Amino acid sequence: MAPPKIKVAAIQAEPVWYNLEGTVDKSIALIEEAAANGANVVGFPEVFIPGYPWSIWAQPPTANAPLMDEYFNNSMERDSDQMRRICAAVKEAGVFVVLGYSERYKGTLYIAQSFIDENGVIVHHRRKIKPTHVERAYWGDGQGESLQTVAPSTTYPDLKIGGLNCWEHTQTLLRYYEYEQNVDVHVSSWPPIWPELKLPDGKPDPSWPANIDDEMCSRFSQIVALEGTCFVIVCTQIMTEKSKKKCAVDKFPYCNSDPNHAGGFSMIYSPWGQELVKRLPPNVEGILYADIDIGEKYRAKQVLDTVGHYCRPDQLSLRVNKHPARPVHYAADP
């Protein structure tokens, strides 16, 4: 098949905070809107269902427990009526969707991405392999199966769509393994991220890690486009002022670092790392679209192929364990 020319869509939107049914309805509406505008591939932010709980950074676990109990109950099971509704909407729309959500499985949450093909089938499912910092108090680790980050489109079998969540983009070896999977379009899923926190005199506030701001996180996504010579669609949540009290961050300095910023920094990058669209304002919901030619990937790879002509596997190579670890193992029958 000739490399397809397709339209990709990056969602920048606000969840219906901690409301499973409400955010499922909104997700379906966004899928329908993107499809109506001709999109073939649609990317969602990290844990869009039911939103990213920044209160885990703002409050101690004991004070945050009631809110996270609500969060747990409004996270989505992969095998659920809500997911079946989403899959039916994807099939009706005829698009490929990488859906970000907080997955509830038994007694544990996972930061999940389900890859749903044009027939409404979950062709791949993965979980963030290492939740970031305080996230580890609430979400479990993805196992070996989550190292697979790329799945093929059904409409375009040669089109390979990948995805990572948030600071998985800092995992150098995980990125490298995705490049080896020959990704064409990468969905970069993020929560709302605000600008660098500053002191009254305008200098950076040393109390907040400077690598957690919108500019630095955007660069983490851009490096995937450059290293992987692939298209990258950056998908981000926003949190409006009226939602901050509900989310218990109305007094958290970082989430209020800029009154005109709501955490959005969505973008679409070319395999050369170039910006293909005009950014939405960081406090505005919308969908970014770009018409892309996958052949551009191969033109970029003439110069840089980090898992091909520009690697030295005889000197440096990656060992991958794709087998999931399990808490219970059964002995063989005697």
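Can you name the residue in region 212-236 that is in a helix (DSSP H, G or I) and of a type in the set (Val, Ile, Thr) and is also most open to solvent (accessible area, probe 1.4 Å) among such residues?
ILE223
What number of residues within region 118-143 satisfy the criterion of being over 16 Å from LEU164 (Cβ atoms), touching a residue at least 40 places away in the same chain (Cβ under 8 Å) and open to solvent by less than 60 Å² (accessible area, probe 1.4 Å)?
Matching residues across region 118-143 total 3.
Which one of the conditions (1) in a helix (DSSP H, G or I); (2) crowded, with 21+ Cβ neighbours inside 10 Å does GLU46 fail to meet, given that it meets all the rest?
Here GLU46 clears every test but (1).
Determine if region 187-202 includes at least one residue that is touching a residue at least 60 places away in the same chain (Cβ under 8 Å), within 21 Å of ALA290 (Cβ to Cβ) and open to solvent by 10 Å² or more (accessible area, probe 1.4 Å).
Within region 187-202, none of the residues are touching a residue at least 60 places away in the same chain (Cβ under 8 Å), within 21 Å of ALA290 (Cβ to Cβ) and open to solvent by 10 Å² or more (accessible area, probe 1.4 Å).
Mind telling me which of the residues LYS322, LYS245 ends up being surrounded by fewer than 13 Cβ atoms within 10 Å (Cβ to Cβ), over 24 Å from VAL8 (Cα atoms) and modelled with pLDDT of 95 or more?
Only one candidate passes the filter, namely LYS245.
Scanning for something modelled with pLDDT of 95 or more, more than 17 Å from TRP167 (Cα to Cα), in a loop (DSSP other than H, G, I, E, B) and of a type in the set (Asp, Glu), does region 85-107 turn up at least one residue?
There is no residue in region 85-107 that is modelled with pLDDT of 95 or more, more than 17 Å from TRP167 (Cα to Cα), in a loop (DSSP other than H, G, I, E, B) and of a type in the set (Asp, Glu).
With the requirement that a residue be more than 17 Å from SER243 (Cβ to Cβ), open to solvent by less than 60 Å² (accessible area, probe 1.4 Å) and of a type in the set (A, V, I, L, M), what does region 12-39 give you?
VAL24, ILE28, ALA29, LEU30, ILE31, ALA34, ALA35, ALA39 - these are the residues of region 12-39 that are more than 17 Å from SER243 (Cβ to Cβ), open to solvent by less than 60 Å² (accessible area, probe 1.4 Å) and of a type in the set (A, V, I, L, M).
Just to be sure before I move on: is PRO313 open to solvent by 50 Å² or more (accessible area, probe 1.4 Å) and under 30 Å from TYR18 (Cβ atoms) in the structure I sent?
So PRO313 fails the test.
The values are calculated or read from the model by the stated rules, or taken from the named source; none is laboratory data. Source: prediction; values computed, not measured. Glycine also receives a Cβ, built like all others from the backbone with ideal geometry; neighbour counts cover every protein chain displayed. Surface accessibility is based on the protein's heavy atoms, side chains included, excluding ligands, DNA and RNA. Shrake-Rupley method; radii C 1.70, N 1.55, O 1.52, S 1.80 Å.
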